[in-house]
Amino acid sequence: MTKYTYTEKKDTRSGFGAGLLELGRTNENVVALCADLTGSLKMTDFQKAYPERFFQVGIAEANMMGMAAGMTIGGKIPFTGTFANFSTGRVYDQIRQSIAYSGKNVKICASHAGLTLGEDGATHQILEDLGMMKMLPHMTVINPCDYNQTKAATIAIAAHIGPVYLRFGRPSMPIFTPADQKFEIGKALKLIDGHDVSIFATGHLVWEAILAEAMLADKGIKAEVINIHTIKPLDAKAILDSAQKTGCVVSAEEHQMNGGLGDNIAQLLARFNPMPMEMVAVNDSFGESGIPHELMEKYGLSAKNIVEAAEKAIGRKK
Amino acid sequence: MTELPNIQELQKTATQVRRDILRMVHGCQSGHPGGSLGCTDFLVALYFYHLNHDRSFNINGVGEDLFFLSNGHISPVWYSVLARSGYFDVKELATFRKINSRLQGHPATEENLPGIRIASGSLGQGLSVALGAAQVKKMNDDKSLVFVLMGDGELQEGQVWEAAMYAAHNKVDNVIATIDYNGQQIDGQVNEILSLKDLGAKWSAFGWHVIESHGNDMDEIVKKIAHAKSLTGKGKPVLNIMTTDMGYGVDFMTGSHKWHGVAPDDKQLENALSQLDETLGDY
């Protein structure tokens with residue numbers, strides 16, 4: 001299978017900005033709202049190109065979510081933009097009642113998710129957002145892995161009718177998926193074939209999983225790496241098929257272990273095919289200030305941790 | 001609205017709606033009669049005279065005036081007014097708050113009840129929704145209006161003031177917000193729980209055009225809604241501070257927060273209905 005390399009690094013939020021700009025050109029119903037973070041969300045190009053479809057709401061996220069819900073009445077497709085923390089925890093009830101329960105076609109676009117937000121520290125490093133969003137009925141939850149995939153996902157969610165949570169981040173990350181990819185919501189992507197262990201990774205951890213696979217290969221272990229860009233609806237078939245083949249599983253995510261992707265995979269395995277599983281995730285703690293890669297190491301989210309988890313899972317096979 | 005309002009007809013409708021409210025709340029022994037009775041005249045004036053609306057119901061409401069109920073707990077009055085307007089069969093009012101009903105305790109879209117465009121109940125969210133819908137009307141060059149009703153206790157929610165700032169700053173002048181100013185909330189009088197102080201001055205300071213009205217005088221409320229409509233399109237959002245009596249129309253319920261969320265028993269229902277003539281036929 002493909003060997004994954006990269007020549008360029010970019011932030012996933014810029015992929016969102018590029019996707020939004022393209023939607024501005026191709027879909028006149030797309031409107032954007034932002035709560036005083038236009039530059040951080042990379043929404044400036046859309047704002048400049050389509051000022052009549054851009055709504056600056058100020059530092060008032062609750063009002064932004066309510067307005068976005070109201071804008072669907074009349075046929076618009078609103079994209080809200082702010083940090084992941086302010087896109088979820090701060091406005092959970094607004095999203096729950098006015099968007100999810102009301103079945104509104106709002107796209108909640110959330111940047112600076114997780115530890116890789118870095119120096120701003122734990123107040124802004126939300127690690128609970130995927131859990132909160134995936135629990136809501138009607139909500140689709142997407143966490144792409146690089147610039148190209150985030151751009152493709154941004155474009156794809158406009159064509160999906162219903163509320164979507166799209167999560168991306170701040171740091172520059174390797175671009176290793178193709179620029180011309182078609183993004184299919186709910187479809188897991190097998191990146192590397194293997195037979196000893198299945199690694200299911202999402203978001204920034206997908207690249208770490210690719211690095212981990214090479215480290216495992218050096219030890220004679222053949223790991224399968226699958227990119228779970230859609231947390232909900234989860235591609236149960238892809239997960240169960242791979243797990244059946246390898247007999248043990250590792251999940252990897254920049255999120256709390258409680259309520260993250262790993263929980264959903266464990267739920268699937270428990271119901272349909274119980275087997276050894278290890279989880280690479282933040283273990284019930286808040287983050288702290290620091291440089292992203294230092295934080296990922298300290299909180300156990302690096303390739304090295306995935307390697308250790310894989311070896312442990314393999315060791316637990318009967 | 002070109003034809004003149006028939007105030008007596010509107011009053012007759014309001015009386016029937018009040019009977020519906022009491023019977024619905026009694027039927028499931030839960031729900032909120034107080035605010036529903038207080039806002040009956042306003043909602044009847046809106047749906048049976050002022051609102052340009054299509055009873056066949058399209059959720060997008062293009063070319064129609066829209067109404068949003070932010071204080072969703074007064075769902076009984078809205079359901080009755082919608083049914084009496086022709087959105088659905090009045091018989092369905094008997095299912096209120098019962099299992100498998102489209103008439104949920106608080107308004108919802110999940111069961112596709114005609115007339116409802118968004119869920120409400122968790123307070124403070126309706127004005128924001130109305131502003132979003134109003135902005136889209138402007139984008140679509142749709143000259144119709146967006147109405148929203150809020151409770152006075154609801155104004156204790158911070159989101160209301162976020163929305164109030166947005167509307168004035170962005171000149172959302174196709175919105176008419178009405179506050180049901182009955183002075184009561186669950187735990188007691190609003191002035192004792194968390195005072196709104198000078199409410200009109202607050203909204204004026206936020207940049208709204210503020211009018212005041214009495215919401216249990218049909219003739220006046222019809223005129224005041226007309227006045228509010230005449231103030232739209234002038235660069236400012238419009239606020240109608242509407243004084244009402246909680247529980248209006250039933251003597252032992254009037255003016256007391258005790259009937260905010262309590263259903264009458266059989267005897268109380270009988271007493272209440274004896275004060276309200278059946279005008280259009282009970283469901």
Legend entry - Candidates A:THR80, A:THR12, A:THR26, filtered to the one that is buried (at least 21 other Cβ atoms within 10 Å of the Cβ) and farther than 28 Å from B:PHE147 by Cβ: A:THR12
Inset, instruction - Scan the stretch A:305-318 for residues that are surrounded by fewer than 19 Cβ atoms within 10 Å (Cβ to Cβ), part of a helix (DSSP H, G or I) and either in contact (Cβ under 8 Å) with a residue 40 or more places away in the chain or hydrophobic (A, V, I, L, M, F, W, C) (or both) and jot them down. - result: A:GLU311
Inset, instruction - Within the stretch B:231-267, count every residue that is crowded, with 18+ Cβ neighbours inside 10 Å and not in a loop (DSSP other than H, G, I, E, B). - result: 7
Inset, instruction - Go over the candidates B:VAL175, B:VAL148, B:VAL190 one by one and state the one that is within 10 Å of chain A (Cβ to nearest Cβ) and of a type outside the set (Gly, Ala, Ser). - result: B:VAL148
Legend entry - Test result for B:TRP208, buried (at least 16 other Cβ atoms within 10 Å of the Cβ), touching a residue at least 40 places away in the same chain (Cβ under 8 Å) and within 24 Å of B:LYS143 (Cβ to Cβ): yes
Inset, instruction - With the condition kept exactly as written, say whether any residue in the stretch A:277-296 is over 14 Å from A:SER198 (Cβ atoms), among the aromatic types (Phe, Trp, Tyr), assigned by TED's automatic domain parsing to the domain that holds A:PRO233 and surrounded by fewer than 21 Cβ atoms within 10 Å (Cβ to Cβ). - result: yes
Inset, instruction - Within the stretch A:32-70, count every residue that is on the phi < 0 side of the Ramachandran plot and within 14 Å of chain B (Cβ to nearest Cβ). - result: 24
Legend entry - Enumeration of residues in the stretch B:58-73 that are without any contact (Cβ under 8 Å) to a residue 60 or more places away in the chain and within 18 Å of the chain's Cα centre (by Cα): B:GLY72
Legend entry - Subset of the stretch A:85-124 that is in a helix (DSSP H, G or I) and closer than 16 Å to A:ILE59 by Cβ - its residue that is farthest from the other protein chains (Cβ to nearest Cβ): A:ASN85
Legend entry - B:LEU69 being at pLDDT 95 or above, crowded, with 23+ Cβ neighbours inside 10 Å and within 14 Å of chain A (Cβ to nearest Cβ): yes
Inset, instruction - Quick one: B:GLY153 ticks every box in (1) within 14 Å of chain A (Cβ to nearest Cβ); (2) buried (at least 24 other Cβ atoms within 10 Å of the Cβ) except a single one, so which number is it? - result: (1)
Inset, instruction - Mind listing whichever residues of the stretch B:17-49 are in contact with a Lys or Arg (Cβ under 7 Å, 6 or more places away or on another chain) and buried (at least 21 other Cβ atoms within 10 Å of the Cβ)? - result: B:VAL17, B:GLY31, B:LEU37, B:THR40
Inset, instruction - Within the stretch B:76-119, count every residue that is part of a loop (DSSP other than H, G, I, E, B), among the aliphatic types (A, V, I, L, M), more than 15 Å from the chain's Cα centre (by Cα) and more than 22 Å from B:GLY34 (Cβ to Cβ). - result: 2
Inset, instruction - Output the number of residues of the stretch A:263-304 satisfying the condition of being free of Cβ contacts under 8 Å to residues at least 60 places away in the same chain and in a helix (DSSP H, G or I). - result: 11
Inset, instruction - Filter the stretch B:120-130 down to the residues that are among the aliphatic types (A, V, I, L, M) and not in a loop (DSSP other than H, G, I, E, B), then identify the one that is surrounded by the most Cβ atoms within 10 Å (Cβ to Cβ). - result: B:VAL129
Inset, instruction - Kindly check whether there is at least one residue in the stretch B:131-138 that is on the phi > 0 side of the Ramachandran plot and either buried (at least 20 other Cβ atoms within 10 Å of the Cβ) or modelled with pLDDT under 95 (or both). - result: no
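The values are calculated or read from the model by the stated rules, or taken from the named source; none is laboratory data. Here the structure is a predicted model, which means the values were calculated and not measured. As a convention, Cβ positions derive from the backbone with ideal geometry for all residues, glycine included, and neighbour counts pool all protein chains shown.
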